[in-house]
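A quick write-up on the structure given underneath.
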Amino acid sequence: MCDKTAPGVQPETVAAAHGVASDAAFGAVAPPLYLSSTYEFAGYDEPRAYDYGRVGNPTRDLLAEAIAKLEEGAGAVLTPSGMAAIDLIVGRLPAGSLVLAPFDCYGGTMRLLKARAELRQIRLELVDQSNLELFETHLAARAALVLVESPSNPLMRVVDIAALSARARAVDARVVVDNTFLSPALQKPLSLGADYVLHSTTKFLNGHSDVIAGAVIAADADEHRALKHWANVTGAIAAPFDSWLTLRGLRTLFVRMERQEKNAMAIAELLAAHPAVVRVHYPGLAGHPDHALAARQQKGFGAMMSFELAGGVSAVQRFVRSVRTFTLAESLGGVESLVAHPATMTHLDMGAEARARAGIGDGLLRLSVGLEHIDDLRAGLQAGLSDC
């Protein structure tokens, strides 16, 4: 057996080969799936490397190692969902800690944080993190944790992770970046100064819409051990089979992202030129207000975007009735292309007032661009747009 992912190899090799041919029992090339919930002790008071599945599992640990390497972190903890990944961090905060989150964050994230705040477990302030002066004012109120979402869901706003992290570090606040939209193939927040990265691994890391799971990656080894301990305390651990499926999906992360980004750029250009569309939110377009920052901070622009139809709700209804190739569904990051209506789907629980403040209008649609042929994607969109 040789180590296919020794220090110095490229991230594409880590994704494709971490754990390959590591089976000492039979020499299996594909890493085996370990489903056992418990493990035999060698003898009295002699636990082996694994003793109980909640504490550790070889399949889960192999995936965690691969993700940590890709994010250049000290270690990763895998959770049952992306929301559980956020709660793994928030749940460790001392009672009454101040959390600063984006005012336009994902609806599920906002729902979780507001629920914790209503129970008085945390204090929550929703902030426009693109305004660094205002951000510093909020930090001065003794913030404990800053949650960053860049690009944001669904409006694709990009914030300066390095600048936010530097300012947070100056007041001993920790920074966690949700990197779900870009994955480590296109952005590495720890290298920009963040303390943690989190993922809904359901999305691009798995890439096949058949797993729900999450991950938290820590820059510091002690923090990784603390998170791993807390996951054991709370039982917030990913299942072995989900971990195995995600590792299999991870093998193709870089080639998927490359093709999906290429498709997304073509779709963004089509939308930007269409008379039924009043605005396209995709940082890859030169006219996007955060284009320069995204180009500097990211390795690419990803496969997510949103756009606004001139005709509002009635146009949305006609579009989703007529669109082809794109499937009307929540979630994102799979090989198939999806369209979602945030106001009635992913961000419904935010409420109309919060959506209005965030700029999420009723005419907004979000796209997750997949691997289909670009001609079919164009034709499918045109079918929907022609009815608007």
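Of the residues ARG123, ARG92, which single one is in contact (Cβ under 8 Å) with a residue 60 or more places away in the chain and basic (Lys, Arg)?
Working: ARG123 fails: in contact (Cβ under 8 Å) with a residue 60 or more places away in the chain.
Every option except ARG92 fails the conditions.
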> Within the stretch 290-324, can you find the residues that are touching a Gly at 6+ places or on another chain (Cβ under 9 Å) and among the charged types (D, E, K, R)?
Replying inline: GLU308, ARG318, ARG321, ARG324
> Applying the selection to the stretch 185-206, what residues are crowded, with 24+ Cβ neighbours inside 10 Å, of a type in the set (S, T, N, Q) and not in a loop (DSSP other than H, G, I, E, B)?
Replying inline: none
>> All but one of (1) surrounded by 14 or more Cβ atoms within 10 Å (Cβ to Cβ); (2) over 19 Å from the mean Cα position of the chain (by Cα); (3) in a loop (DSSP other than H, G, I, E, B); (4) not charged (D, E, K, R) hold for LEU98; state the number of the condition that does not hold.
In response: (3)
> Filtering the stretch 10-50 down to residues that are farther than 27 Å from MET257 by Cβ and in contact with a Gly (Cβ under 6 Å, 6 or more places away or on another chain), which residue is surrounded by the most Cβ atoms within 10 Å (Cβ to Cβ)?
Replying inline: TYR50
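Looking at ALA295, ALA310, ALA286, ALA315, which one is among the hydrophobic types (A, V, I, L, M, F, W, C), buried (at least 17 other Cβ atoms within 10 Å of the Cβ) and not assigned by TED's automatic domain parsing to the domain that holds GLN187? Talk me through it step by step, then tell me what you get.
Numbers: ALA295 fails: buried (at least 17 other Cβ atoms within 10 Å of the Cβ); ALA310 fails: buried (at least 17 other Cβ atoms within 10 Å of the Cβ); ALA286 fails: buried (at least 17 other Cβ atoms within 10 Å of the Cβ).
None of the others qualify; the one that does is ALA315.
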>> Here are the criteria: (1) out of contact with any helix residue (DSSP H, G or I) (no Cβ under 8 Å at 6 or more places or on another chain); (2) assigned to a loop (DSSP other than H, G, I, E, B). Tell me which single one PRO31 does not satisfy.
In response: (1)
>> With the requirement that a residue be under 23 Å from HIS208 (Cβ atoms) and over 23 Å from the mean Cα position of the chain (by Cα), what does the stretch 351-374 give you?
In response: HIS373, ILE374
>> Which pairs turn up if I take residues in the stretch 129-146 that are without any contact (Cβ under 8 Å) to a residue 60 or more places away in the chain and among the aromatic types (Phe, Trp, Tyr) and look for partners that are outside any helix (DSSP H, G or I) and surrounded by 15 or more Cβ atoms within 10 Å (Cβ to Cβ) with beta carbon separation below 8 Å, at least 6 apart in sequence or on another chain?
In response: PHE135/LEU100; PHE135/VAL127; PHE135/ASP128; PHE135/GLN129
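The values are calculated or read from the model by the stated rules, or taken from the named source; none is laboratory data. Quantities reported herein were computed from a predicted structural model and do not represent experimental measurements. Methodologically, a virtual Cβ is constructed for each residue, glycine included, from the backbone with ideal geometry; neighbour enumeration extends over all protein chains shown.
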